[in-house]
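Following: one structure in structure tokens, then a few remarks.
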Amino acid sequence: MMIEAKNINFYYGNFHALKGINIAIPANTVTALIGPSGCGKSTFLRLFNRMNDTIENAKLTGECLVNGQNIYDKTVQVDALRKNVGMVFQKPNPFPKSIYENVAYGLKVNGVSDKKYIAERVEQSLVAAALWDEVKDKLHQSAFALSGGQQQRLCIARALAISPSVLLMDEPASALDPISTSKIEELIHGLKEKYTIVIVTHNMQQAARVSDKTGFFMYGELIEYSDTKKMFLNPENIQTQNYITGRFG
Amino acid sequence: MKILERLLEGMFKMSSAITSIVILLIIIFLFKEGFGLFRSPVVEKGYGLYINSKNPVTDLNPTQIKQIFDGEIENWNEIGGKDESIYLLRFDEIFSIYSDEELGENYQFLPQKLNNIISENSNIIAFFPKKFMPEISSPTKEIANKNIGIPDFIYGKEWLPTTTPSPLFGIIPLVLGTLLVSFLAILIALPFGLGVAIYLSEIANNKVRGMIRPAIELLAGIPSVVYGFFGLVIIVPIVQKMGNISAGETAFTGSLILAIMALPTIISISEDALRNTPLALRESSYALGATQWQTIYKVVIPFASSGISAAIILGIGRAIGETMAVLMVTGNGAVIPHSIFESVRTIPATIAAELGEAPMGGTHYQALFLLGCVLFLFTLVLSIISEIISNKQTSKSA
Amino acid sequence: MKHTELEIQELKIQVKQMWNLVIAQLSKTKIALLENNTALALEVISQEKRVNAYELKIESDCENYIALYSPVAVDLRLALSLIKVSNTLERIGDFAEGIARHTISQECKTIDVKIIEDLGIEKMIDIVLEMLLDGYIAFETENTKLTEKIMSLDIQVDELYKNGFYILAEYIKENPLETMCALRLIIILRKVERIGDHCNNIIEDIVFYVDAEVLKHNNKTSLK
Amino acid sequence: MFSKNIQQKIAFHIFRLLSFSILGVLVWILGFIIYNGIQVINWEFITAFPKEGMTEGGIFPAIIGTIYLVIGSMMFAVPLGIMSAIYISEYASNQKWVKFIRIMTNNLASIPSIVFGLFGMALFVHTFGFGDSILAGSLTLGILIIPLVIRTTEEALKAVPESYRLGSIALGATKFQTIKNVVFPIAFPNIMTGIILSVGRVSGETAPILFTVAAYFLPKLPQSIFDQAMALPYHLYVIATSGTDIEASKPIAYGTAFVLISIVLIINLLAGWIRRYFEKQNPK
């Protein structure tokens, strides 16, 4: 198992945001987390590269394991963890630097100085993010010159450059138009050969299209977690059924 | 790596504490120097006021002393004594009464001669250095030299910091002058500023806005001494001619200049406040058939009212604290103003004009620091009020 | 190629394989019947299970495809018609198997070969095979210009079937002893005629898929 | 009563008039100073010492003095201001502490400049014993503009979208790396604009330097930071109000005012130019 959560409870102050979550995500799969707004799916996702650390009054119990190691262990270095667990955000957030600098950023802040190696990694990452052909002639132009969809793929390339083994995606296509969305989905599909991907999405069709496994969250609980095909054809739980058929609420 | 990060964070934290430390230092230094005034005697240090011991008067307040020495009080009965006219004896007058030989080479006979004079004249009041009055013997009595009191400062109607024997440090004329000039300035600037703010935020198109905004920024950037110079050379003669008065350096002139100087503050803050009115509010007003102007004064201005009040208060604060321009155009007469076409003197102008001449550590110096404290407190209160008001505004928009 | 397209392609390939299998089944049945080849007939019967398996597989794949990819427009029509086409193909497979079972039963070996020729069974099976193949081509090329041809072939099959009735009635009058076998022949004729009808249904589904037109229960002559 | 549409028309016309009269006031002030000043300005005026009791000659020492003061105060205020702003907006997690500092900074900003003059005189001139000197003046001016630097820097940092920080942190960058490589470079143009505007402020301030550095007349340039210096705004003040011969030194006053105004104009243009330049570099 690449990612495991064991009896996770998470609190924002007095608010019990995640309630006893257990999940085991195998390597090289795409797992989609779905559920209504405020159900805790994003919170859960962000636990795995400790992006919730900065929140005040937050409290976590239970174990989060990545590659068998508890990432909240005191010996774990947060920056090293984040290098291994990449993240892509809802809105494309390229830095106001050139395309090249954006992809190279993660390498540089992690102490890589070999120019040749950086150049190689930049190309590989852009190829992997299916962006290379579109940008190879304008690597030194501002990243803002790219379209929204291209920017998001650039952000994926940026995350890939530091060779993570896990890629967390927080609604990576929700700010994009349908064409860009489908390109990102294609990309996710192709990336699972090398990476373990967890994606939070509001869009159930997207979850169905891209994922192998799906977890359904509601009110901070993991209601159901199973193969995507099964989830969408014959969900076990009546709440899941109501949600995915749109009868929820 | 980790240590470096910590180190840097510590450094950042330290520098962020600097402002607080500075404020603390300002308070300490201003108040330390300023309150020294209340530990200083009414009569200049080293000097004393002496009267005949038969005189029932035992103490005089600074105003009475000043009036006696100005000849405004001529009879002891006006200040609770016997019905005798007052005989003033200043230090230098002794030399016209006695020749240098009589006083001795080193003035060694001076104390004795003084004693003689005082005992001979029961209506005398003499102002002399203490060293020439070595002993207070029977015919002579020193008027109790109390410390300058807080009421003397706060309720004093006269600011005469250099008169002898006892300077007067009454801040009322200065406070009134400051307030008069500032409020008048805001009165002029407010309709103007509000109108411009409304025009910029609600009516003007981008091109006009792009023209007026930089102009306002420029107006804010012009140094106050240049405003002062402009006022001195242009506004003062105009006011003089218009008001048909002998000198154009008046409270009104100062207010005009201050109004121009306060405009950028008022405009930019109220424009922000107006602009922050949610679109939904405006649209719902339009949807009910209101015109744009009705929407502005029935919806937008009430919504932005606390922001506008904050702008006004900040404008007043700016005007109260303004030094150079006011110093140059108000004429600096330290009297309680009776009309706006009279010369006035504000607190900051007083400090600027007089600190250079006040001997360090003297009562005048301390009094000027005390004025600084007053100014500090004024602006502190105003800035706290505007803070509270603008907090109200933000909580409304949230 | 996008992975949604890959899914569609995969579906289509399966349907085509099933189609080929059914065509092969029918051809073998024809030979087994005409040449009285029991071994071949047995082969057809055993292969029928594969046809059924194809149907189940295609059906569940279509369900998954609809559930996961929420197809719309042409993709939705494809998924819907593929479910129906696979059902129909399975039915055709059943008929072929039925004919093959008749061959095995061997009860009517004595029947005159000539009557089979007179009935034109071979021709009928050839026609339905052609229909099946044309349907396949139409599906493969996503082209509906063969529709009219297939429908007219179906009319031919119907004609032959009606004719066969009279021929067999004559035959029974002349050879009352062979009545039993003649009735069996009627059943075979009936099955071939049903295959023709099913081929007709298939082309209707394909027209629905390609042109989004519904031909079912329309007056067939009104076509174009 | 007018109909509501006519009311609107009247009101809007009044506002438009008011707004354009602001332009008028500006043109008046600038025009007056530039028109009179430009007749005085020449090479000698800028490079010569004052002569004949300030009625002739130039303002060279005042220009140099102002430059020294600007440099001195910036060296003090810019690093401190930027670092505190970074702490307030990027590090400080304790809200009470931030609130406290912010209140202090706001109050510091609202203190009148003359009070800074008093404070500078008491602390730097007397307590620290720097005497009337460039050092004392620079420190006083520095303290005066720290709030401005803090506020503009803080606003510039706040304008950097949170997503950049998250993006950087998610790539394993530390907080300082994120600030150094992402946040600060993006905020830099705005910070720069703030600094330039505070240069304008410093070069025009008179009250704080009255008692901490400014000299009426010096026959030579300051030799060290412990020397007194002349300064443009103070120079304008003295020759306009208390020169030996006010009428005779009026041209000098116009010239000095012209130089001061030019500094302000240049600084405003520069700030606007920097803003636009970087906006073009990084659209969005």
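The values are calculated or read from the model by the stated rules, or taken from the named source; none is laboratory data. Since the model is a prediction, treat every value here as computed from it, not as a measurement. Heads up, the Cβs are rebuilt from the backbone with ideal geometry, glycines too, and the neighbour counts pull from every protein chain shown. Note: areas computed on protein heavy atoms with side chains; ligands, DNA, RNA excluded. Shrake-Rupley method; radii C 1.70, N 1.55, O 1.52, S 1.80 Å.
For this structure, a couple of remarks:
- For segment A:59-101, a decrease in accessible area of 50 Å² or greater in the assembled protein chains relative to the isolated chain, with a 1.4 Å probe, applies to A:ASP79, A:ARG82, A:ASN93, A:PHE95, A:PRO96.
- Dipole in debye (nearest 20) - segment D:224-284, about Cα centre, beta carbon charges: Lys, Arg +1; Asp, Glu -1: 580 debye
- Above-threshold pairs, the threshold being 22 Å between Cα atoms, out of A:LYS41/A:LYS97; B:LYS207/D:LYS9; A:LYS19/D:LYS96; A:LYS115/A:LYS136; A:LYS115/D:LYS280; B:LYS13/D:LYS96: A:LYS41/A:LYS97; A:LYS19/D:LYS96; A:LYS115/D:LYS280
- Each of the GluC sites (Glu not before Pro) that DSSP puts in a loop and that has at most 16 other Cβ atoms within 10 Å breaks chain C; the longest unbroken stretch is C:1-106.
- Among D:ASN268, D:ASN94, D:ILE225 the positive-end extreme of the charge dipole of segment D:63-281 (Cβ point charges): D:ASN94
- Ordered by 1.4 Å accessible area with all protein chains kept, C:TYR166, B:TYR286 run largest first as C:TYR166, B:TYR286.
- Unmatched cysteines, the protein assembly as shown - criterion: no other Cβ of a Cys under 4.7 angstrom: A:CYS39, A:CYS64, A:CYS155, B:CYS373, C:CYS62, C:CYS199
- Magnitude of the charge dipole, chain B, Cβ model with Lys/Arg +1 and Asp/Glu -1, debye to 20: 2060 debye
- Computed over segment B:172-397, the percent of Cα pairs more than 26 Å apart is 44.
- Cα long-axis angle, helix D:134-158 against chain D (0 to 90 degrees, to the nearest 10): 30 degrees
- Accessible area buried between chains A and D, both sides summed, probe 1.4 Å, in Å² to nearest 100: 1800 Å²
- Scattering curve values for chain B, log₁₀ I(q)/I(0), Debye with Cα scatterers, q = 0.07, 0.08, 0.12 Å⁻¹: -0.51, -0.62, -1.02
- Carbon + sulfur, % of accessible area of the protein assembly as shown - ligands and nucleic acids excluded, 1.4 Å: 58 percent
- Remark: segment A:186-249 is approximated by an ellipsoid whose semi-axes, taken from the C-alpha gyration tensor as √(5λ), come to 22, 11, 11 Å, largest first.
- Environment charge at B:TRP293 (Cβ cut-off 11 Å; Lys +1, Arg +1, Asp -1, Glu -1): +2
- Helix axis angle, A:115-128 relative to chain A longest principal axis, alpha carbon, degrees: 50 degrees
- Lys/Arg +1, Asp/Glu -1 at C-beta; chain D dipole; positive extreme among D:PRO79, D:THR105, D:ILE179: D:ILE179
- Distant-in-sequence amide contacts of A:PHE217, defined by a placed amide H-H separation under 5 Å and a gap of 5 or more residues or a different chain, comprise A:ILE34, A:GLY35, A:ILE223.
- Total accessible surface hidden between D and B, rounded to 100 Å², 1.4 Å probe: 7100 Å²
- Phi-derived couplings, Karplus 6.51 cos²θ - 1.76 cosθ + 1.60 at θ = phi - 60°, listed residue by residue for segment B:34-43: x, 6, x, 4, 6, 9, 9, x, 4, 8 Hz, with x used for Gly and Pro.
- Segment C:3-222 - charge dipole about Cα centre, Lys and Arg +1 at Cβ, Asp and Glu -1, debye rounded to 20: 400 debye
- Average Cα contact separation per residue, chain B, under 8 Å, 6 or more apart, as relative contact order %: 19 percent
- Across the options A:GLN152, B:LEU382, B:ILE3, the greatest Cα extent toward the positive end of the charge dipole of the protein assembly as shown (unit charges at beta carbon of Lys, Arg, Asp, Glu) belongs to B:ILE3.
- Built amide H within the under 5 Å cut-off of A:GLN90, gap 5+: A:ASP170
- Among the trypsin sites (Lys or Arg not before Pro) in segment D:185-281, those located in a DSSP loop and surrounded by at most 13 other Cβ atoms within 10 Å of their own Cβ are D:LYS220.
- Between amide H atoms placed 1.01 Å from N, distances below 5 Å from B:PHE128 occur with B:GLY48, B:TYR50, all of them 5 or more places distant or on a separate chain.
- Considering only alpha-carbon pairs that sit under 8 angstrom and 6 or more positions apart, the relative contact order computed for segment B:47-144 is 50 percent.
- Chain C: relative contact order as a whole-number percent, Cα under 8 Å and 6+ apart: 24 percent
- For chain A, the longest principal axis of the C-alpha atoms and the axis of helix A:148-161 are separated by about 90°.
- Ligands, DNA and RNA are left out, and with a 1.4 angstrom probe the accessible area of the protein assembly as shown is 44 Å² per residue.
- Additional length obtainable on full extension of the chain from B:ILE172 to B:GLU357, 0.36 nm per residue less Cα span: 64.4 nm
- Highest-fluctuation residue, A:ASP170, A:ASP133, A:ASP53 considered, GNM on chain A with Cα pairs under 10 Å: A:ASP133
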